[in-house]
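The block underneath contains the structure these notes are about, expressed in C-alpha cells.
Every number in this text was worked out from the coordinates using simple rules, so none of it is lab data. Just so it is clear, the structure is predicted and the values come from calculations on it, not from any experiment. When we count neighbours, we look across all protein chains shown, and the Cβ atoms used for this are built from the backbone with ideal geometry, even at glycine.
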Amino acid sequence: MKTYKVYAIKDGTVIDHIPATKALKVIDILGLENEGILTIGIGFSSEKMGRKDIIKIENKYLEKEETDKISLIAPLATINIIKNGKLVEKRKIELPDEYINIVKCPNPNCITSKEHIINRFKVINRTPLILRCHYCERVITEDEVEIL
C-alpha cells in the first residue's frame, strides 16, 4: 500500500509540479483563501524539479481563466481532476497565446490604465516568458507581470 505525505481528496483538483515556494502565491492569485479545505505541500522532493510544491483543493474544479493565471507562476504545473477518489483527468498547464484580462499593463500611459478596457497581452516568448501589451505594445518579462 502506498503511503501518502499529503492528505488524499475524494473530489476536487490537485495542482502538482508547482515550483518550490510558489504554492502560496498560486493560492493568492486564485483567491482560494476561503474556498474550503486546501491541502498544501511545500518543498517535496521531485526528480524533474529538485523541489516542488503541491496544492489540493477539495470540491473545486478550475476554470480556464484560473489555469491561465497559474501558467504565469507555474508554467510546468500539472492539473489532476479527482472524482470519487479516482484520478479522472490529468493535464499539463498550457500557456495561452494571449492573456485576456489577467495581466495588468505597467505602463501608466497605456489606455488600460486610464479607461475601463480589458487588458490583453500577447505571448511573445514562452521560455523565458515575454508578453506584449495589445494597446501600447509595452514588452514585459515574467518578473514584471502583475496579475489582476
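Values computed for the structure shown
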quantity	calculated
Members of the stretch 47-92 found to be farther than 12 Å from I18 by Cβ and among the acidic types (D, E), listed by number	E47, E58, E63, E65, E66, D68, E89
Yes/no for I118 being closer than 21 Å to L24 by Cα and either aromatic (F, W, Y) or out of contact with any His (no Cβ under 6 Å at 6 or more places or on another chain) (or both)	no
Total residues in the stretch 119-138, condition out of contact with any helix residue (DSSP H, G or I) (no Cβ under 8 Å at 6 or more places or on another chain) and exposed (fewer than 14 other Cβ atoms within 10 Å of the Cβ)	5
Index of the failed condition, S71 passing every other in (1) touching a residue at least 40 places away in the same chain (Cβ under 8 Å); (2) among the small types (G, A, S); (3) surrounded by 16 or more Cβ atoms within 10 Å (Cβ to Cβ)	(1)
When residues of the stretch 81-100 are limited to those that are crowded, with 19+ Cβ neighbours inside 10 Å and of a type outside the set (F, W, Y), the one nearest to I147 (Cα to Cα)	I93
Matching residues in the stretch 34-65 - criterion: being within 23 Å of L129 (Cα to Cα), touching a helix residue (DSSP H, G or I) at 6+ places or on another chain (Cβ under 9 Å) and surrounded by fewer than 20 Cβ atoms within 10 Å (Cβ to Cβ)	L62
The stretch 101-118, subset exposed (fewer than 12 other Cβ atoms within 10 Å of the Cβ) and not acidic (D, E), residue nearest to L76 (Cα to Cα)	I118
